[in-house]
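*Asks:* Below is one structure. I have some questions about it.
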Amino acid sequence: MMNAIPTDIKEVFILEPRVFQDERGLFFESFQQEKFNELIGQAVTFVQDNESISKKGVLRGLHYQNPPFAQGKLVRVISGSVLDVAVDIRKDSPTYGQHVAVLLSSENKKQLWIPEGFAHGFVALEDDTVFQYKCTNFYHTAAEQALRWDDSTLAINWHIEHPLLSPKDEIAPTFDQFQSPF
């Protein structure tokens, strides 16, 4: 059983599992297709799972894939913690350019559903943070795009001044330079 918590952007949900814990340890259902579809109000199929391991201070994002290769993502932390961010890049959306930021950790076991039309990123808050993504479409290198993580228009408080970035994230365009494909 899982609970869906609405965010300031109605299509983005925090999912919180019911955790059963006793002296032996714990158990929780991390994903159940029918319940997930019911909670978010649409039928979603996942086709690819990804996992990353990051050092404390690594920032990955803000990434998205252009249509027709756009991806919805269900993300969670297996070990460690992150500040996870989803930015609405749907040009006709009333929340265009707004974002949701959520603490995801192995301790709180929360997940974040990020539908197509959002840029996504996270910063690792602990060494050896293991992050898992369930994706609704396959990864296509040519379709991948990024937005600048520290863009002043987006005004995301990452709670970090000098993150470790990939070369592509260091040169990502700003929101003002961006033309939304959504």
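*Asks:* With springs connecting C-alpha atoms under 10 Å apart, model the chain as a Gaussian network and identify which of 26, 39, 15 has the largest mean-square fluctuation.
*Replies:* 26
*Asks:* Quick check on the range 105-175: what are the equivalent-ellipsoid semi-axes from the Cα gyration tensor, as sqrt(5λ), descending, whole Å?
*Replies:* 20, 19, 13
*Asks:* How big is the gap, in Å, between the Cα center of the range 29-108 and the Cα center of the range 113-157?
*Replies:* If we compute the Cα centre of each part, the gap is 7 Å.
*Asks:* Consider the candidate values (i) 26, 20, 15; (ii) 32, 18, 14; (iii) 28, 17, 15; state which one is semi-axes √(5λ) of the Cα gyration tensor in Å computed from the structure displayed.
*Replies:* From the options (i) 26, 20, 15; (ii) 32, 18, 14; (iii) 28, 17, 15, the structure gives (i).
*Asks:* Please find, in a Gaussian network model of the chain (springs between Cα atoms separated by less than 10 Å), the residue of 145, 132, 48 whose mean-square fluctuation is greatest.
*Replies:* Judging by the Gaussian network model, the answer is 48.
*Asks:* Continuing with the same structure: For the range 1-48, just list the percent of Cα-Cα distances falling in each 10 Å bin from zero outward, please.
*Replies:* Result returned by the calculation: 24, 46, 23, 7.
*Asks:* Write down the accessible area per residue of the range 1-89 in Å², having rolled a 1.4 Å probe over the full set of protein chains.
*Replies:* Here the residues of the range 1-89 average 53 Å² of exposed surface.
*Asks:* Let me ask another. For an R0 of 22 angstrom, estimate the FRET efficiency from the Cβ-Cβ distance between residue 20 and residue 130 and round to the nearest 0.05.
*Replies:* After rounding, the FRET efficiency stands at 0.50.
*Asks:* Under a straight-distance cross-link criterion of Cα-Cα below 25 Å, which lysines are reachable from residue 55, leaving out those fewer than 8 residues away in the same chain?
*Replies:* Counting by Cα, and skipping residues close in sequence, residue 55 has these lysines nearby: 73, 109, 110, 134, 168.
*Asks:* Counting only helical runs of four or more DSSP H residues, what would the 222 nm mean residue ellipticity of the chain come to if each run contributes -39,500 (n - 2.57) and the total is spread over all its residues?
*Replies:* Computed ellipticity for the chain at 222 nm equals -1500 deg cm²/dmol.
*Asks:* I want to verify a result. In a Gaussian network model of the chain, Cα cutoff 10 Å, which of these has the top mean-square fluctuation: 97, 41, 61?
*Replies:* Of 97, 41, 61, the Gaussian network model singles out 41 as fluctuating most.
*Asks:* Let me ask you something else. Suppose each label sits 7 Å from its Cα in the direction of the beta carbon; what would the residue 153-residue 34 distance come out to in nanometres?
*Replies:* Between residue 153 and residue 34, the label points sit 4.5 nm apart.
The values are calculated or read from the model by the stated rules, or taken from the named source; none is laboratory data. The model shown is predicted, which means the values in this text are computed figures rather than measured ones. Positions of Cβ are generated from backbone atoms using ideal geometry, with glycine treated the same way; all protein chains shown enter the neighbour counts. These accessible areas exclude ligands, DNA and RNA; they are computed on the full protein's heavy atoms, side chains included. Shrake-Rupley method; radii C 1.70, N 1.55, O 1.52, S 1.80 Å.
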